[in-house]
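Q: Sharing a structure below in structure tokens format, with a few things to ask.
The values are calculated or read from the model by the stated rules, or taken from the named source; none is laboratory data. Source: prediction; values computed, not measured. Counting neighbours? That spans all protein chains shown, and the Cβs are built from the backbone with ideal geometry, glycine included.
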Amino acid sequence: MSSIYFSSSSPLAETFSHKIARQSESFLESECKVSIYNQNISKERIRTQIEGCDALIVVVCADPSPEDISAYNLIDNEHIRFEIISAMNQDILIVPVLIDDAKLPEKDNVPGALKKLLDCRSHRLRTVFWSEDMEVLLEHLEEELNFIKEVKGKMTESVEVNYQRLAEIDGRNTKKDKVDLETSDFLQVRKMIEAETIFLQKARGVADKEAEKNALSALALAYSRLGQTRKAIQYFKEQLNISQEFENFEEVCGLLANLGDAYAVSGNIDRAKNYYEEQRVLAESKGLHAYVGTSYNGIGFVYVKQGKIEKAIDCYFKALESYRELEDDDKQLELLVGIGLNYRKLEQWEKAIECFEQAFKIAKYIENRKEEIQIRIDLAEIFFKIEKRDLALSQIEEAEENLKYVKTGWSKSLMRRIDSLRNF
């Protein structure tokens, strides 16, 4: 059973949250928790409640309460901000729901975590068309929740997250473990494969190319989840052929990236580079800036694996330039961290510090607590190496102070890194 947490921008929005929750419980058979607007409860309790959920729905109403005009624009709503931060730290689906004429603030006018809310796909519920709009929202939630349930560890979640750090630079490796074949997740993915294989046969039987492409996509991601890279590659290639027929260039770029990633994971670095290069050429010719960034990032990863660190850094900077044009803070953060780690590998300490400090500013701005703490520890390690012990200890103290308020799986591993540094 899926679990959904509802946050509300005002007392009136809370009323709508309860209404949406009741219909979600009925249609999705989900367990729903509606937070009480501005209830004085501890951050620890909020964090605990959100940790067990699959989605955070933020309901925004255009009619703020008379006593709190900031409820509508969200900017000063500390309660919602912390709920969003907690959801971000747990990689939980975030869905803004706008009631009637409600609007989210402009991106330039919001601090920190609220920028994440603006990047999420929002839904509008109009009271006069409630049934129709609600049906669209519920179908979207059902699709997203099923996807989360069936393919949690899909290989292509993020090129930076899954492949840049596969280089295992300086011990920081976030590559997900292989699936335990005894777990329920494995059984769910196997059921998905069985179903999609049937759909694929039916689609080919009636010559429905769109349906065939969708089934191939699902199978490729499922086999990626199981670590069966060869089968994943097979289905990605078949999907690529159809996407090229349709001249869907964005989809083609995404699939070229998937194939590059898959070959990189399998150890065939040369084939991986070929696909990243093909992606780059297509993306540049069609003006698809986001894919230009991912292609350079993929090529950079190849150079890391080949030990050509300076060439890798050059590619990462080109990817960074692309993401700066797109004003994508998350990707900029990931790349700056990666570049800093590579400079550290070359023992170019000042350049590494500069990158980490830039990354820290972005992490603080978007309120990514995990990266803030991790970057502090990275900086502490460098300061110890260049014999600036006072600066190193200052970073460690700040990291420890921040970790006091974080109770998640990754906090323990960061504490272990701090403990080891104290013996440096």
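Q: Glu327: farther than 26 Å from Thr408 by Cα and either modelled with pLDDT under 95 or aliphatic (A, V, I, L, M) (or both), yes or no?
A: yes
Q: Additional query: Any residue at all in the stretch 417-424 that's aromatic (Phe, Trp, Tyr), modelled with pLDDT under 95 and more than 29 Å from Leu118 (Cβ to Cβ)?
A: The answer is yes; a qualifying residue exists.
Q: Which members of the stretch 229-248 meet the condition of being polar (S, T, N, Q) and either over 16 Å from Glu212 (Cα atoms) or part of a helix (DSSP H, G or I) (or both)?
A: Thr229, Gln234, Gln239, Asn241, Ser243, Gln244 - these are the residues of the stretch 229-248 that are polar (S, T, N, Q) and either over 16 Å from Glu212 (Cα atoms) or part of a helix (DSSP H, G or I) (or both).
Q: Next question. Residue under question is Glu400, and the condition is that it be crowded, with 18+ Cβ neighbours inside 10 Å, charged (D, E, K, R) and without any contact (Cβ under 8 Å) to a residue 40 or more places away in the chain; does it hold?
A: No, not satisfied.
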